[in-house]
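Comments concern the structure below.
What follows draws every value from the coordinates through simple rules; no lab data is involved. Being a predicted model, the structure only gives us computed values, none of them experimental.
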Amino acid sequence: MNRNPIETILGAVVLLIAGMFLVFAYTTADIQAITGYSVSAKFIKVGGLETGSDVRVSGIRVGTVTGQALDPNTFQATVTMAISGDVKLPQDSEAVIVSDGLLGGKYVNLIPGRATQSLADGGVVPKTRDFQSVEDLVGEIIFLATSKTDDKGASQ
């Protein structure tokens, strides 16, 4: 076969540009796992949270979910997280599993407490709130709307 050298050069340029695009996308997408100290939290329901999901404080990514396990005694889900070393969480912090929009993935939102001592490596976040799905919220609204109350506000 007779190949035109211009076609070969053009193909090499296209592959080079595609490679540069992949490197640019990887470095700017912030998809690398965060390493740091490890903390865990126990939840009754994690609602589709996955290993590798974000851990955020005030919307800023400060960590990564590194694992999930079921506690055989309490049947609660134990979520382990790696938190960046420069973020020192107070001991009375709270962990909440929330959704990133209606169709988005789940992430752990950490709400810092006011304690002066920080969580150590291997520490446990003491306060948690479980994931609430849209179905749970709709059920609560229907329950509130259909519950009967008397004039004094007490349930009948």
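See the values below:
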{"item": "Relative contact order (%) - the stretch 36-141, alpha-carbon pairs under 8 angstrom, separation at least six", "result": "34 percent"}
{"item": "Where Cα atoms sit under 29 Å apart: lysine pairs in the chain separated by 8 or more or lying on different chains", "result": "9"}
{"item": "Of 35, 66, 80, the one that fluctuates the most in a GNM where the chain has Cα springs shorter than 10 Å", "result": "35"}
{"item": "Karplus-derived 3J(HN,Hα), 6.51/-1.76/1.60, for each residue of the stretch 126-137, Hz, glycine and proline x", "result": "x, 10, 9, 10, 6, 5, 10, 7, 4, 5, 5, 5"}
{"item": "The stretch 79-93 - phi-based ³J(HN,Hα) in whole Hz, Karplus 6.51/-1.76/1.60, Gly and Pro as x", "result": "9, 9, 9, 9, 10, 4, x, 8, 9, 9, 7, x, 5, 9, 5"}
{"item": "Option label - Rg and Dmax of the Cα atoms in Å computed here, alternatives (1) 15.4, 48; (2) 23.7, 93; (3) 16.3, 48", "result": "(2)"}
{"item": "Residue-averaged 222 nm ellipticity for the chain, from DSSP H runs of 4+ at -39500 (n - 2.57), nearest 500", "result": "-8000 deg cm²/dmol"}
